[in-house]
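As structure tokens, the structure follows; a few thoughts come after it.
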Amino acid sequence: MKRPLQPIDSRSIPELVTTELRRSIVSGDLAPGETFSLRKIAAMLDVSFIPVREAVRNLEGEGLVITRPGRSACVAPLHLEDLQGIYRLRRNLEPDLAARSSVQITDAALDRLQAQAEDFGHERHTIQTVYDAHHAFHAALLAPAATAWDMRVLNSLWRAAERYIRIGFSKLDPDPQDKSRRQHAHEGLIDTFRRRDPEAVSEAVLVHLTRNEAAALRALADEPGATGT
């Protein structure tokens, strides 16, 4: 009898290193433009050099890292025109998906999302703790009308924007009013969805995206390593 396949870990060491480096970059712990040694990273993570090199290549493909000759790399600078391009694409996709979703999504789903929106204003949250939930919130709003390809494209755009949003909006957290504004903005989206008016929903999502882009650009205007206008 042939030997059966053996179970393997669902995530390899390079994947784990990629995840940890990505977390450090999108949170700003590794700052835009900062140079780092691959060997020092390997020592900090207690892994060999090879998975770190592979992780850096993965992150270079995501536009987060720039490799350099030798054994060093640097965190890609923030290009604000890239953020504007991401939001331009989002404005072409999300309002239309939201309009179509608004007549398909169930009341039960909206009730669940209402509870999530209320939690966004909790004092314990920063942009770092709420980002993943915020991502899931918008995905759930659009899911009834979205195809698998729609979600692939949107997830790519959301990931590309993640570093800009986390770094930019983290600057707003010292103002307690920003937490309540975050809550009320998302509760307002739910209220508009409950009206089952596709045109109103499309406009509400467009306004939501435009305001978020403007806030992120303001927050990042003086960020070291940010370029463009």
Between residues in segment 197-212 that are assigned by TED's automatic domain parsing to the domain that holds LEU93 and residues that are among the hydroxyl-bearing types (Ser, Thr, Tyr), which pairs lie under 7 Å by C-beta distance while being six or more apart or on different chains? PRO198/SER102; ALA200/THR192; VAL201/SER102; VAL201/THR192; ALA204/THR192; LEU209/TYR87
Is there a residue being in the same structural domain as ARG152 (by TED's automatic domain parsing) and free of Cβ contacts under 8 Å to residues at least 40 places away in the same chain anywhere in segment 20-31? no
Part of a helix (DSSP H, G or I) and farther than 29 Å from ALA31 by Cα: does that describe VAL205? yes
Given (1) small (Gly, Ala, Ser); (2) surrounded by fewer than 18 Cβ atoms within 10 Å (Cβ to Cβ); (3) assigned by TED's automatic domain parsing to the domain that holds LYS179, ALA117 misses just (2)
In segment 192-229, the residues that are polar (S, T, N, Q) and at pLDDT below 85: THR227, THR229
How many residues are under 13 Å from ARG182 (Cα atoms), touching a residue at least 40 places away in the same chain (Cβ under 8 Å), out of contact with any Ser or Thr (no Cβ under 8 Å at 6 or more places or on another chain) and aliphatic (A, V, I, L, M) when one looks only at segment 104-155? 2
Looking at LEU83, LEU59, LEU89, LEU93, which is the one that is touching a Leu at 6+ places or on another chain (Cβ under 8 Å), assigned by TED's automatic domain parsing to the domain that holds VAL153 and at pLDDT below 95? LEU83
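The values are calculated or read from the model by the stated rules, or taken from the named source; none is laboratory data. Remember, predicted model here, so these are calculated numbers, not experimental data. Because the Cβ atoms are built from the backbone with ideal geometry, glycine has one as well, and the counts that use them run over all protein chains shown.
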